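A quick write-up on the structure given underneath.
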Amino acid sequence: PLLLPPPSPLSLSFSLSLSPQSMDSSKKLPSKEAALFRNVIKFYELKQYKKGIKAADAILKVFPDHGETLAMKGLTLSCMDQKEEGVELVRKGLRKDPRSNVCWHVYGLLYRADHNYVEAIKCYRNALRADKENLQVLRDLSFLQIQMRDTKGYAETRRQILALRPSNKSHWLAYAAACHMGGDMKTSTRVLQAYADSLTDEDPTRAPYERSELILCVFVFVCSPVH
């Protein structure tokens, strides 16, 4: 069973964006409230917190036990110097919907803001149990793993991100760098070579430039072993 992590005092001088793909909870709401929920997310990201609270309250008036709306309202309040009330709302949202990736992600953001990275990682992992291919949660998890010097976990998370978005060059380089930091020079070099082999000559100016960057990365990685 999923257990709520213990509460902690929070310091919320932060702004982190929640990916719309992680907010699939709107499908549980009628169309009107689903649109309002999307607005809650948008207003949070734009730091228009009062508008976000108003939209959340409109949903909760009809669906007072909608866990993800409670969590988003709590997150928004936490950014409005109403930290204590915000945390309680997030925890209430989790109790209403303990298997929601959104609720766990939001709770993880609160822990991260408090620099409680261990508990934040637990929350992110619970979020991934509900949605294992959530790119935003995977990114957030990878940031905390490297912050905690968990190079093995960081490399595995970057590998999962690469598998989900193999067309993104930055994911190839991030995975190669993660392997390098973990001391796996062989895999790091192989990843860079695999990406170099995937480049085409469709853009005669870009492809050679990217290959030169990759060659430089290989040289740096090979000549700068991690101890």
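The values are calculated or read from the model by the stated rules, or taken from the named source; none is laboratory data. Just so it is clear, the model here is predicted, and its values are computed rather than measured. We place every Cβ from the backbone using ideal geometry, glycine too, and count neighbours over all the protein chains shown. Note: areas computed on protein heavy atoms with side chains; ligands, DNA, RNA excluded. Shrake-Rupley method; radii C 1.70, N 1.55, O 1.52, S 1.80 Å.
So here's what we get for this one:
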read-out: Enumeration of residues in the range 160-170 that are under 15 Å from the mean Cα position of the chain (by Cα) and in a helix (DSSP H, G or I); value: Gln160, Ile161, Leu162, Leu164
read-out: Of the criteria (1) assigned to a helix (DSSP H, G or I); (2) in contact with a Pro (Cβ under 9 Å, 6 or more places away or on another chain), which one Thr189 fails; value: (2)
read-out: Meets criteria (outside any loop (DSSP other than H, G, I, E, B), modelled with pLDDT of 95 or more, aliphatic (A, V, I, L, M) and under 29 Å from Pro166 (Cα atoms)) for Ala58; value: no
read-out: Of residues in the range 153-176 being free of Cβ contacts under 8 Å to residues at least 40 places away in the same chain and farther than 22 Å from His105 by Cα, the one most open to solvent (accessible area, probe 1.4 Å); value: Ser167
read-out: Single unsatisfied condition, Lys51 versus (1) open to solvent by 60 Å² or more (accessible area, probe 1.4 Å); (2) part of a helix (DSSP H, G or I); (3) within 20 Å of Arg91 (Cβ to Cβ); value: (3)
read-out: Neighbours by Cβ (under 6 Å, 6+ apart or cross-chain): first from the range 183-198, among the hydroxyl-bearing types (Ser, Thr, Tyr); second modelled with pLDDT of 85 or more and assigned to a helix (DSSP H, G or I); value: Thr187/Cys179; Ser188/Ala176; Ser188/Cys179; Ser188/His180; Tyr195/Trp172
